[in-house]
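Can you read through this structure? Questions will come right after.
The values are calculated or read from the model by the stated rules, or taken from the named source; none is laboratory data. Since the model is a prediction, treat every value here as computed from it, not as a measurement. As a convention, Cβ positions derive from the backbone with ideal geometry for all residues, glycine included, and neighbour counts pool all protein chains shown. Ligands, DNA and RNA are excluded from the accessible area calculation, which covers all protein heavy atoms including side chains. Shrake-Rupley method; radii C 1.70, N 1.55, O 1.52, S 1.80 Å.
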Amino acid sequence: HRLKSVMAVVLTFIVVLSYFPCMRNSSSNGDIGSSSRGNTIIVNASGGEDYTKIQWAINNASEGDTVLVMPGTYREKVVVNKSINLTGAGSESTIIDAGKSGTPLHIYSDWANVSGFTVRNSSKNSAGIYISGEHNRVANNNCSFNKYGISVYYNNSIINNTCIGNSIGINLFRTKNNYFSGNIIEHSDRAGIYLAESHSNVFSENICRYNNNSGIKIDGSHFSRNNTFIRNTCNSNGLNGIDFWYTVNDTLENNTCSNNGYSGILLSEVNNAILKNNTASDNRYGIRI
């Protein structure tokens, strides 16, 4: 009986080994490697891991895998086209740089998670992170020195990112049902957060400060509607803290807009807005309707 038990364990171990293909590829080039669902693939620009390029790792990943990127500067344009976890070692040390020749990071898959990168130097008409898929989570990234820090379409979560020195920090055009929380947007040439013809988005606890124009700006032509802004801070912007034009059914609650160049909150040709418990101090106008 003991011999049979030992043989059963050995056979089970052999079956398990034969079922899972090798996770790691010893080469660090763009050759096809094998990976199974739920594996971790490691990228290191200096070599010594599975791949030296982020895109090579993504190309050879399977749905549900994690692509873990070690510190370094990766001079490439990365496209996420699978439901994977793309995880950098931290935005202070893990950099995707497009060299001003395109979009550093384009997510057009659904259900991907991307975190831990600095994404910089897009071309003059591109975003640092461009999200055209749905149900993606983009968190804890730094998006600096791009035309748009982050551009986003439908049903995504944008959390705890920092956007510095872009033309627009976060850009929404004809989009809906996104959630933005804990993002910091500074030193944008235009607006910190800009919405055009977008609806049913929620903005909570974002900080928009030191932007040349307005902290948050909506220009809707009445197509922008049903957007909600709760506990955002829009201080020390060149023009307005929050600036709404031609919108319908928006809610502004518990926002703080102080020390802006013109108005704390400006509503122009806005219908059915709800303003509740907002603070607008030390502006030329507090709340101007």
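How many residues, within the stretch 50-65, are open to solvent by less than 50 Å² (accessible area, probe 1.4 Å) and part of a loop (DSSP other than H, G, I, E, B)? So that I can check it myself, show each step before the final result.
Here is the first cut: in the stretch 50-65, the residues open to solvent by less than 50 Å² (accessible area, probe 1.4 Å) are 50-52, 54-55, 57-58, 60-62, 64-65.
Cutting the leftovers down to part of a loop (DSSP other than H, G, I, E, B) gives us 50, 52, 60-62, 64-65.
So the answer is 7.
Taking the stretch 150-189, which residues are modelled with pLDDT of 95 or more, among the hydrophobic types (A, V, I, L, M, F, W, C), more than 18 Å from N235 (Cβ to Cβ) and open to solvent by 20 Å² or more (accessible area, probe 1.4 Å)?
I159
Of the numbered conditions (1) acidic (D, E); (2) open to solvent by less than 30 Å² (accessible area, probe 1.4 Å); (3) within 27 Å of R225 (Cα to Cα), D97 fails exactly one; give the number of that condition.
(3)
Results for (1) open to solvent by 10 Å² or more (accessible area, probe 1.4 Å); (2) part of a strand (DSSP E or B); (3) over 21 Å from I158 (Cα atoms), shown as yes or no for each residue.
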position	(1), (2), (3)
N213	yes, no, yes
F223	yes, yes, yes
F229	no, yes, no
L239	yes, no, yes
A280	yes, yes, yes
G286	yes, yes, yes
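Shifting gears a bit: Which condition breaks for Y130 when tested against (1) in contact with a strand residue (DSSP E or B) (Cβ under 6 Å, 6 or more places away or on another chain); (2) among the aromatic types (F, W, Y); (3) outside any strand (DSSP E or B)?
Going through the list (1) in contact with a strand residue (DSSP E or B) (Cβ under 6 Å, 6 or more places away or on another chain); (2) among the aromatic types (F, W, Y); (3) outside any strand (DSSP E or B), Y130 breaks only (3).
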